[in-house]
Amino acid sequence: MNNNHNIKPTVFVIFGGTGDLNARKLSPALYNLFLDGWLPEQFAIIGTGRTKLTDAEFRTILLADLNEFSRSGKAKKEAWDKFSPHIYYQVSDVKMPAAYEEFSQRLSAFEQEWNAPANVIYYLAVAPEFFPIIATGIAQRHTKDDPTRVRIVIEKPFGHDLESARALNKLLAQSFQECQIYRIDHYLGKETVQNIMAFRFANAIMEPLWNRNSIEHVQISVTEQLGVGDRTGYYDGSGALRDMIQNHLLQLLCLVAMEPPVNFTSDEVRNRKVDVLRAMRRFTPEEVRESAVRGQYGAGWIEGKEVPGYREEKDANPASNTETFAAVKFFVDNWRWQGVPFYVRTGKRMHRSASIISIQFKDVPHVIFPPETGESWQQNRLVISIQPEMSIRLQVQAKRPGLDMMLNTVDMVFDYHGTYAAEAPEAYETLLLDAMLGDQTLFMRGDQVEEAWDLVMPILNSWQGRPSLNFPNYSADSWGPEVAEALIARDGFHWFTLPLKSNDKKKA
Ligand code: BG6
């Protein structure tokens, strides 16, 4: 198969080549793009890090990683033998100018060998403190090059707060044009997340309902069963609001709330998302108390296994005040959404892993049926399930078969696995391919990131100034702290969860 869309010869330079992200996501994604015929014939992957390794040693490490993490399973010998000669390793100290000199020498050597100019994608899969020095080092090597050929991909976290995000944007803007900067939010690469735009803007039937006249409230819930594990070093300075809500959940919210773009070009789409973030109501300190709640997990049992509380995780601060759960009630102050609450929640060590958007419609204006016919009466709801179930369900009332008139809630379901035989690509495959194609639609623009920080700053500031006195306040395997139930129950709603499927039940 050859899908490669005439992608130019490409060199990937992966900073953090020996790190976890490359092992689990980047190399498996590149390998699967290769298997599916998306990579150009002339490509090279240069992993770089401080560990001394030969090309052969690095290839052996990556093969083990592929065998463990690739969605296509263990690498087949024939495919690996074709892929692996494209992989190289360079030991480097990113603080030294010599590192960048070596990359550019390698790039020139590839260009000579291929007899063609190459695009170069620098992927910064390293801790954020290295972003400035690497970005500057790269930029100095490419002052004379066509900017469209040099791209820089930046992993999250993009800043720690509004001020640091602004500073990073400013620094990048000194060396790169916006069209060269690819800020990753891997949720945007997920198949089910991309489908939100298709569902909304390729179908006419939803738009007349997609506003405050028909929609009562929206919930966006990303719960994870996993704890922070050995990531406390990063997580303790971050917390659920920074780690998940500022980026992934707000991006999902933008996709639900955005106006129809004029076309599917990256700036048009991103303009409409920024409009949403700009329209979102900023909180006063008093409003933070009413609209945002937090939690931290204590010990518990998950699937028969005892798990520690957050403060007892490896290398954790035993008095940590970091939130591992956050829930916020937002409003989008514009004509479409005035008065419609958007509840978002995310947490670690929750009862189940599920990412779900639930859009609840208003009730019928008048019920014609006697009360006993509708014991399980439920307002219409559209449920977009992002993972692990990949589906869209419209929940409607229907007559239960029988001689009497009894109403039931039933689901009209579009299920990916039932509809498509092919396995969905991983988010990183989509995003790496888009970076090669020069398509920034699924990447964060600088102003988007800053608006999202601006929105969450009052919450972060308020929480920082007011340490929680009752952490841990939810146990592992629960649905989060009671305050989160209260946040939504006050308005007469409850958090929506999908019923377990029969094979999930066996696991639970
Ligand atoms: C990352 C967060 O961005 O997203 C992690 O840093 C989180 O804390 C992860 O676990 C969730 O991603 P996914 O794709 O597993 O839902």
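Data overview
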{"read-out": "Subset of the stretch 407-429 (residues that are under 15 Å from residue 387 (Cβ atoms) and in a loop (DSSP other than H, G, I, E, B))", "value": "423, 424, 425, 426"}
{"read-out": "Scan of the stretch 228-268 for residues that are among the β-branched types (Val, Ile, Thr), within 21 Å of residue 384 (Cβ to Cβ) and surrounded by 22 or more Cβ atoms within 10 Å (Cβ to Cβ), ordered by number", "value": "245"}
{"read-out": "Complete set of residues in the stretch 379-391 that are surrounded by 13 or more Cβ atoms within 10 Å (Cβ to Cβ), of a type outside the set (A, V, I, L, M, F, W, C) and not in a strand (DSSP E or B)", "value": "379, 380, 389"}
{"read-out": "So residue 269, is it away from the ligand (no atom under 16 Å from the Cβ), in a helix (DSSP H, G or I) and either more than 29 Å from residue 137 (Cα to Cα) or assigned by TED's automatic domain parsing to the domain that holds residue 315 (or both)", "value": "yes"}
{"read-out": "Residue 242 within 15 Å of the ligand (Cβ to nearest atom), touching a residue at least 12 places away in the same chain (Cβ under 8 Å), under 28 Å from residue 439 (Cα atoms) and among the basic types (Lys, Arg)", "value": "yes"}
{"read-out": "Residue 275 vs. criteria surrounded by fewer than 23 Cβ atoms within 10 Å (Cβ to Cβ) and either under 18 Å from residue 353 (Cα atoms) or within 16 Å of the ligand (Cβ to nearest atom) (or both)", "value": "no"}
{"read-out": "Qualifying residue in the stretch 165-182 (condition: among the aromatic types (Phe, Trp, Tyr), within 12 Å of the ligand (Cβ to nearest atom) and modelled with pLDDT of 95 or more)", "value": "no"}
{"read-out": "Criterion: within 26 Å of residue 40 (Cβ to Cβ) and either at pLDDT below 95 or crowded, with 17+ Cβ neighbours inside 10 Å (or both) - qualifying residue of 103, 131, 158", "value": "103"}
{"read-out": "Filter pass, residue 394 being surrounded by fewer than 17 Cβ atoms within 10 Å (Cβ to Cβ) and either at pLDDT below 95 or not in a helix (DSSP H, G or I) (or both)", "value": "yes"}
{"read-out": "Search result, residues across the stretch 272-326 that are in contact with a Gly (Cβ under 6 Å, 6 or more places away or on another chain), closer than 30 Å to residue 337 by Cα and assigned to a strand (DSSP E or B)", "value": "295, 325"}
{"read-out": "Which listed residue is under 21 Å from residue 25 (Cβ atoms) and among the hydrophobic types (A, V, I, L, M, F, W, C), from 138, 121, 220, 133", "value": "121"}
{"read-out": "Selected residue [without any contact (Cβ under 8 Å) to a residue 12 or more places away in the chain, on the phi < 0 side of the Ramachandran plot, assigned by TED's automatic domain parsing to the domain that holds residue 148 and of a type in the set (Val, Ile, Thr)] from 51, 60", "value": "60"}
{"read-out": "Near pairs, Cβ below 6 angstrom, 6+ apart or cross-chain, from the stretch 421-437 (under 15 Å from residue 69 (Cβ atoms) and in the same structural domain as residue 37 (by TED's automatic domain parsing)) to any residue that is away from the ligand (no atom under 16 Å from the Cβ) and among the hydrophobic types (A, V, I, L, M, F, W, C)", "value": "none"}
{"read-out": "Qualifying residue in the stretch 126-144 (condition: within 16 Å of the ligand (Cβ to nearest atom) and charged (D, E, K, R))", "value": "no"}
{"read-out": "Top-ranked residue of the stretch 352-375 - restricted to ones that are within 18 Å of residue 244 (Cα to Cα) and part of a loop (DSSP other than H, G, I, E, B), ranked as farthest from the ligand (Cβ to nearest atom)", "value": "352"}
{"read-out": "Any chance residue 192 is within 16 Å of the ligand (Cβ to nearest atom), touching a residue at least 60 places away in the same chain (Cβ under 8 Å) and of a type in the set (S, T, N, Q)", "value": "yes"}
{"read-out": "Which numbered condition residue 344 misses (of (1) part of a loop (DSSP other than H, G, I, E, B); (2) in contact (Cβ under 8 Å) with a residue 24 or more places away in the chain; (3) among the aliphatic types (A, V, I, L, M))", "value": "(1)"}
{"read-out": "Residue identified as modelled with pLDDT of 95 or more and surrounded by 19 or more Cβ atoms within 10 Å (Cβ to Cβ) among 65, 55", "value": "65"}
{"read-out": "Lone qualifier among 218, 222, 262 - being more than 16 Å from the ligand (Cβ to nearest atom), in contact with a strand residue (DSSP E or B) (Cβ under 7 Å, 6 or more places away or on another chain) and outside any helix (DSSP H, G or I)", "value": "218"}
{"read-out": "Selection within the stretch 185-219 - within 13 Å of the chain's Cα centre (by Cα) and among the hydrophobic types (A, V, I, L, M, F, W, C)", "value": "188, 193"}
{"read-out": "Single match in 81, 93 (criterion: within 26 Å of residue 8 (Cα to Cα), surrounded by fewer than 17 Cβ atoms within 10 Å (Cβ to Cβ) and either free of Cβ contacts under 8 Å to residues at least 60 places away in the same chain or among the small types (Gly, Ala, Ser) (or both))", "value": "81"}
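Quick grid of which residues meet (1) of a type in the set (Val, Ile, Thr); (2) in contact with a Pro (Cβ under 7 Å, 6 or more places away or on another chain):
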{"site": "57", "(1), (2)": "no, no"}
{"site": "61", "(1), (2)": "yes, no"}
{"site": "69", "(1), (2)": "no, yes"}
{"site": "76", "(1), (2)": "no, no"}
{"site": "80", "(1), (2)": "no, no"}
{"site": "84", "(1), (2)": "no, no"}
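The values are calculated or read from the model by the stated rules, or taken from the named source; none is laboratory data. Remember, it's a predicted structure, so these values are computed and weren't measured experimentally. Please note: Cβ atoms are built from the backbone with ideal geometry, for glycine as well, and neighbour counts cover all protein chains shown.
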